[in-house]
Amino acid sequence: MPHLPDVVLWSIPAFVLLTALELVSYRLHPDDRSEGYEAKDAATSIGMGLGSLLFDALWKIPIVAIYTALYELTPLRVPVLWWTLPLTLLAQDFFYYWSHRGHHVVRILWACHVVHHSSRKFNLTTALRQPWTSLTVWPFYVPMVLAGVHPAAVAFCSSANLVYQFWVHTERVGRLPRPFEYVLNTPSHHRVHHASQGGYLDRNFGGILIVWDRMFGSFVPEGERPVYGLTKNIHTYNPLRVATHEYAAIGRDVKAARSWRERFGRVFRGPGWQPDRSAEGRTTPAAVPERVA
């Protein structure tokens, strides 16, 4: 088994330092065009981040078991070397794009990811607002394991991807020089991802690279000022409710559904999906996505 560092753990001091610097920058140079910080919101984000460390350790047990079994079944092997790790990270970023996109367009997956979009602020603590039900992510990386990538290398690249995305959660960095904006996920691109306006919804899913969005038609540049949060905000700072509110909403919708087709749609269609009841003499308004990102 390759011995790779826990990049998230090693990055925690940098997270703390950068967050403190950003907070001080808002105190010294207030900006009416930025959302800035709010104590309860930041505390909730930090609490969600700490909770995610605990739950991720729990979910790691079945995920590692599945990945290990698949790795043993495949005859392929990708060695963990200095030149294979960048290629592995590139592959992981590609599958991250599809995982991220899937977690926006399938409601049961969105129930996990909605946590990260539930803040109406956009600062470095928002990056820490992580879900507690990340068990939905592992299937997207099965192709890497079947291709012979060791599960530890997959975990290392996933952690590196997560660490990279910390710095893009800020309004204190404007647009970077064009070559960087064209290739990389930047604060400008990620502000669009967290916005709730209709034209910004479900755009800019990239983790490290934005080129996947350009290739697969989900890229939108930053134009009008983003309004952060969900299209239907939850108005709570309770971490447990933040973590579970969409699952509860799915449960209510499934209970009220009139058919198995509707129950299926409430779980596996998009977050804003509504059944067509026009045949019953009623007109269903156009679906409005419950979130934004």
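Listed values, structure above:
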item: Lone qualifier among 182, 164 - being more than 21 Å from residue 124 (Cα to Cα), of a type in the set (Ser, Thr, Tyr) and either over 17 Å from the mean Cα position of the chain (by Cα) or open to solvent by 10 Å² or more (accessible area, probe 1.4 Å) (or both); result: 182
item: Any hit, the range 167-180, residues being touching a Phe, Trp or Tyr at 6+ places or on another chain (Cβ under 9 Å), within 24 Å of residue 137 (Cβ to Cβ) and either outside any loop (DSSP other than H, G, I, E, B) or modelled with pLDDT under 95 (or both); result: no
item: Count of the range 198-229 residues which are assigned to a loop (DSSP other than H, G, I, E, B) and over 15 Å from residue 122 (Cα atoms); result: 17
item: Of residues in the range 61-74 being touching a residue at least 12 places away in the same chain (Cβ under 8 Å), of a type outside the set (A, V, I, L, M, F, W, C) and within 18 Å of residue 2 (Cα to Cα), the one most open to solvent (accessible area, probe 1.4 Å); result: 68
item: Filter result for residue 231 (open to solvent by 40 Å² or more (accessible area, probe 1.4 Å) and touching a Leu at 6+ places or on another chain (Cβ under 9 Å)); result: yes
item: Any chance residue 57 is surrounded by fewer than 14 Cβ atoms within 10 Å (Cβ to Cβ) and in contact (Cβ under 8 Å) with a residue 60 or more places away in the chain; result: no
item: Identity of the residue in the range 259-279, outside any loop (DSSP other than H, G, I, E, B) and of a type outside the set (Gly, Ala, Ser), that ends up most open to solvent (accessible area, probe 1.4 Å); result: 260
item: Filtered residue count, the range 131-150, keeping only those that are open to solvent by less than 30 Å² (accessible area, probe 1.4 Å), assigned to a helix (DSSP H, G or I) and over 29 Å from residue 44 (Cβ atoms); result: 3
item: Of residues in the range 151-160 being buried (at least 20 other Cβ atoms within 10 Å of the Cβ) and of a type outside the set (A, V, I, L, M, F, W, C), the one farthest from residue 97 (Cα to Cα); result: 151
item: The range 104-127: number of residues that are within 22 Å of residue 270 (Cα to Cα), part of a helix (DSSP H, G or I) and among the hydrophobic types (A, V, I, L, M, F, W, C); result: 8
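The values are calculated or read from the model by the stated rules, or taken from the named source; none is laboratory data. Everything numeric in this text was worked out from a predicted model, so none of it was measured. Every residue, glycine among them, receives a Cβ derived from its backbone with ideal geometry; neighbour counts consider all protein chains shown. Note: accessible area is taken over every heavy atom of the protein model, side chains too, but ligands, DNA and RNA are not part of it. Shrake-Rupley method; radii C 1.70, N 1.55, O 1.52, S 1.80 Å.
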